[in-house]
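Report on the structure given below.
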Amino acid sequence: MKTSKSNFFNDVYEVVKLIPEGRVTSYGAIAEYLGTKGSARMVGWAMHGAVATHDVPAHRVVNRQGLLTGKIHFGGDRMQRLLEKEGIRVEDDIIQNFEKVFWEPIKELGL
DNA sequence: ATTATGACTTCAC
DNA sequence: CGTGAAGCCATAA
């Protein structure tokens, strides 16, 4: 039986679920960990389905600038609210101390 | 198979 | 990090 979602999506979900609280990561970092580092957009695409399908903390996944690009799909300031709740300072849809809260799967999980 | 789109990334000004 | 343009890969029609 074929999986409902492609393996690519499944991998993204697992990595995002492994993100510790108070930490965030970028699409490129996840894509790179999966081996598809050129497909950072696909990670975002996977997250689009993740929110509606799995309990994936997509709010912990932002772009390289620390900008809450995904808040648009969260539907309001829901994403920013969750981040601030975990101790992450967010201002004007931008994560402050982004370098401090940045969490790389390759570095933490080990490649 | 081809075209279009997308929660991105990088380079340049 | 502000804006603009090009590149990249996977999904949908």
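No lab work stands behind these numbers, since they all come straight from the coordinates. Note that the coordinates shown come from a computational prediction; the quantities given were computed from them, not determined experimentally. Please note: Cβ atoms are built from the backbone with ideal geometry, for glycine as well, and neighbour counts cover all protein chains shown.
Do any helices (runs of 4 or more DSSP H) lying entirely in region A:28-95 carry at least 2 residues that are free of Cβ contacts under 8 Å to residues at least 24 places away in the same chain, surrounded by fewer than 17 Cβ atoms within 10 Å (Cβ to Cβ) and more than 10 Å from DNA strand B (Cβ to nearest atom), and which ones are they? Full working, then the answer.
Working: elements: A:40-53, A:71-74, A:78-85.
Hits in region A:28-95: A:78-85.
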Take the residues of region A:96-111 that are over 14 Å from the mean Cα position of the chain (by Cα) and part of a loop (DSSP other than H, G, I, E, B): which is farthest from A:Ser26 (Cα to Cα)? A:Leu111
Can you name the residue in region A:9-28 that is of a type in the set (A, V, I, L, M, F, W, C) and closer than 16 Å to A:Gly70 by Cα and is also nearest to DNA strand C (Cβ to nearest atom) among such residues? A:Val12
Among the residues of region A:43-56, is any more than 9 Å from DNA strand C (Cβ to nearest atom), under 13 Å from the mean Cα position of the chain (by Cα), more than 20 Å from A:Asn10 (Cβ to Cβ) and not aromatic (Phe, Trp, Tyr)? no
So, in region A:39-88, how many residues would count as being of a type in the set (Gly, Ala, Ser) and touching a helix residue (DSSP H, G or I) at 6+ places or on another chain (Cβ under 7 Å)? 9
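Could you tell me whether any residue of region A:1-8 is in contact with a Ser or Thr (Cβ under 9 Å, 6 or more places away or on another chain), within 15 Å of DNA strand C (Cβ to nearest atom) and basic (Lys, Arg)?
Here is the first cut: in region A:1-8, the residues in contact with a Ser or Thr (Cβ under 9 Å, 6 or more places away or on another chain) are A:4-5, A:8.
Those still in the list that are within 15 Å of DNA strand C (Cβ to nearest atom) too: A:4-5, A:8.
Then drop every residue that is not basic (Lys, Arg), which leaves A:5.
Yes - at least one qualifying residue is present in region A:1-8.
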